[in-house]
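The values are calculated or read from the model by the stated rules, or taken from the named source; none is laboratory data. No experiment lies behind these values; they were computed from the predicted model shown. Using ideal geometry, Cβ is built from the backbone for each residue, glycine included, and neighbour counts are taken over all protein chains shown. The area values use the complete protein model at the heavy-atom level, side chains included, leaving out ligands, DNA and RNA. Shrake-Rupley method; radii C 1.70, N 1.55, O 1.52, S 1.80 Å.
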Amino acid sequence: MLELLPHLRYIWRTGVADVRQRYAGASAGALWNILQPLSMILIYSVVFAKIMDRSRRGDAPYVIYLCSAMLPWLAFSETVTRGSAAITANAQYLRKLPIPESAFVAQVVVSSGIGLAISYSLLAVAAIPFGFMPTVYWLLATVPFLSLLMLGFGVAAIVAAIVPFITDVTQLIRILMTIGFWAFPMVYVAEMLPDALQIALPFNPTYPALQASRQLIVEGRLPDAWLLPTAFGWGVLASILGSIVLKAVRAELRDVI
């Protein structure tokens, strides 16, 4: 991680450029960064809103309950899926520039983080017409968000180190992200699960960050004491492991790409 410090300006600049250029040529341009997750939110809201009565989610409208976990999850999922291909996608730059491989994964984190910040800001505004006033706890949600992005960086870095040698891993990651989406009570409530699965939920590495953000946003309170330290711990551990794995294969990696 420390090796990224001299390259922070480059990472930020390329991350911002990625947000601008991802939909270059499309008539809606960068607006697609918002329209795509918005379409998912609308679909799930229409399908599940009637099923998820307020007695199961407190006083929050279903769309707030949904977005409190879905928005950070989408940023995490994008970080992992796009970050895992970041090294092969930027092979031409790696051959020419004296820059660590993790910098290209980090720029995906920046891009995903910007998208999350925009979506979250819009959610805060959209919550008001639903009669749900954002509180000061919404500002604290940035803490679990950052922890989740750190976790995404670490996972993406590990996978990115493997992809040049085993390309099928990218397809496996997409499948795992789909499973991961349903492994957290994002569109449903945990009480709908069998007891055994409810017990297993906290062992999901994304659970502490997503549950903390839900408690801050939906319940308007500080998260349970163990959630934020655990979320941060998962993020730090994954980031360290990702950096170690990338360094371990650095010599062979530059020969393969």
Q: Starting from residues that are under 22 Å from Gly115 (Cα atoms) and of a type in the set (A, V, I, L, M, F, W, C), keep the ones in segment 160-175 and report whichever is most open to solvent (accessible area, probe 1.4 Å).
A: Ile173
Q) For Ile118, all conditions in the list (1) within 18 Å of Phe232 (Cα to Cα); (2) under 17 Å from the mean Cα position of the chain (by Cα); (3) open to solvent by 40 Å² or more (accessible area, probe 1.4 Å) hold save one; what is the number of the exception? A) (1)
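Which residue is surrounded by the most Cβ atoms within 10 Å (Cβ to Cβ), if the candidates are limited to segment 123-151 and must be of a type in the set (Phe, Trp, Tyr) and under 21 Å from the mean Cα position of the chain (by Cα)?
Going residue by residue through segment 123-151, those that are of a type in the set (Phe, Trp, Tyr) are 130, 132, 137-138, 145.
Within this subset, residues satisfying the condition of being under 21 Å from the mean Cα position of the chain (by Cα) are 137-138, 145.
Working: Tyr137: 17, Trp138: 19, Phe145: 23.
It comes out as Phe145.
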Q: Please give the number of the condition Ile99 fails out of (1) over 20 Å from Phe153 (Cα atoms); (2) at pLDDT below 90.
A: (1)
Q: List every residue pair whose Cβ atoms sit under 9 Å apart, with the two residues 6 or more apart in sequence or on different chains, where the first one lies in segment 95-123 and is under 30 Å from Met133 (Cβ atoms) and the second, anywhere, is of a type outside the set (D, E, K, R) and not in a helix (DSSP H, G or I).
A: Tyr120/Ala141; Leu123/Pro134
Q. Out of the residues in segment 6-61 that are of a type in the set (D, E, K, R) and within 19 Å of Val110 (Cα to Cα), which is modelled with the lowest pLDDT?
A. Arg22
Q. Can you find a residue in segment 246-255 that is of a type in the set (A, V, I, L, M), within 30 Å of Leu123 (Cα to Cα) and surrounded by 13 or more Cβ atoms within 10 Å (Cβ to Cβ)?
A. no
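Residue-wise test of (1) over 12 Å from Ala75 (Cβ atoms); (2) modelled with pLDDT under 95; (3) in contact with a strand residue (DSSP E or B) (Cβ under 9 Å, 6 or more places away or on another chain).
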{"position": "Ala103", "(1), (2), (3)": "yes, yes, no"}
{"position": "Ile118", "(1), (2), (3)": "no, yes, no"}
{"position": "Pro134", "(1), (2), (3)": "yes, yes, no"}
{"position": "Leu139", "(1), (2), (3)": "yes, no, no"}
{"position": "Val159", "(1), (2), (3)": "yes, no, no"}
{"position": "Leu172", "(1), (2), (3)": "yes, yes, no"}
{"position": "Glu191", "(1), (2), (3)": "yes, yes, no"}
{"position": "Thr206", "(1), (2), (3)": "no, no, no"}
Q. How many of the residues in segment 194-210 are in contact with a Pro (Cβ under 7 Å, 6 or more places away or on another chain) and not small (Gly, Ala, Ser)?
A. 1
Q. Restricting attention to segment 96-110, which residues are among the hydrophobic types (A, V, I, L, M, F, W, C) and within 22 Å of the chain's Cα centre (by Cα)?
A. Ala103, Phe104, Val105, Ala106, Val108, Val109, Val110
